[in-house]
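S.K.: Quick one: the structure is below, questions incoming.
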Amino acid sequence: MRTSVSGISTDARLRRRAGPARTPRRRAGGFTLLELLVVVTIIGLLAGAVVLSTGNVRADRDIEREARRLSSLIELVREEAIMQSREHAILFTPTGYQFYVYDYQTEQWAEPPNDALLTPRELDEGIELELLQVEDRNLVLDPASLEADEDDDEEDDGPQPQVMILSSGEMTAFEATFLQESIDARITVSADLAGMLTITKDATDGP
């Protein structure tokens, strides 16, 4: 180590003159405009996917609710038929269905009197009855079946339901398939002769 005449280290004096050692400057933190645009685009795509998925789930629940409502009403009517010893029936159309009771005086099917639960049912918008199979036969559904026709003559036989619910507890075997075309969803309500009801969801439903 070198020293001056005064005895002070020459290296120490040089360090004092140079000042403290400088460290290299680092790049300021943050994102570039391009990085921000990429992040915003990804968030937008994810948000759109969530909205589409939520809409499909909600629509899928709508068609499932219609199927369960029909199944529950049939169970209720079947119990009433047994308790009242009276025959009941269901008339299906592409957009709804209606329950009837058999009137022995007129020998025709009539609307259940004073029964709010068994009023004509219209399917939710976007849902229709795609197929009705009764005892292994595909039936053509009449869109005007539920419309009252006051001009019918006296010889008219009245409503012609496709499915009977007997006072013995037995009923017409049938399969009713609901369709929601917007999401390509199908669900089927079926019953056997003993009145056992099942709900089957089509495996080819949309996402």
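S.K.: Find the residue count for segment 78-124, including only residues that are touching a helix residue (DSSP H, G or I) at 6+ places or on another chain (Cβ under 9 Å) and either more than 18 Å from residue 166 (Cα to Cα) or of a type in the set (Ser, Thr, Tyr) (or both).
M.R.: 7
S.K.: Can you name every residue in segment 162-178 that is within 17 Å of the chain's Cα centre (by Cα) and without any contact (Cβ under 8 Å) to a residue 60 or more places away in the chain?
M.R.: If the condition is that a residue be within 17 Å of the chain's Cα centre (by Cα) and without any contact (Cβ under 8 Å) to a residue 60 or more places away in the chain, then 177 is the only one that fits.
S.K.: Identify all residues within segment 86-130 that are modelled with pLDDT under 90 and surrounded by 14 or more Cβ atoms within 10 Å (Cβ to Cβ); write none if there are none.
M.R.: 112, 118
S.K.: Still on this model: Do any residues in segment 102-119 that are in contact (Cβ under 8 Å) with a residue 12 or more places away in the chain and of a type outside the set (S, T, N, Q) have Cβ atoms under 7 Å from those of residues that are in a loop (DSSP other than H, G, I, E, B) and loosely packed, with under 13 Cβ neighbours inside 10 Å, where the two are at least six apart or on different chains, and which pairs are they?
M.R.: Once the first residue is in contact (Cβ under 8 Å) with a residue 12 or more places away in the chain and of a type outside the set (S, T, N, Q) and sits in segment 102-119, no partner that is in a loop (DSSP other than H, G, I, E, B) and loosely packed, with under 13 Cβ neighbours inside 10 Å comes close enough.
The values are calculated or read from the model by the stated rules, or taken from the named source; none is laboratory data. Bear in mind the structure is a predicted one, so any value in this text is a computation, not a measurement. We place every Cβ from the backbone using ideal geometry, glycine too, and count neighbours over all the protein chains shown.
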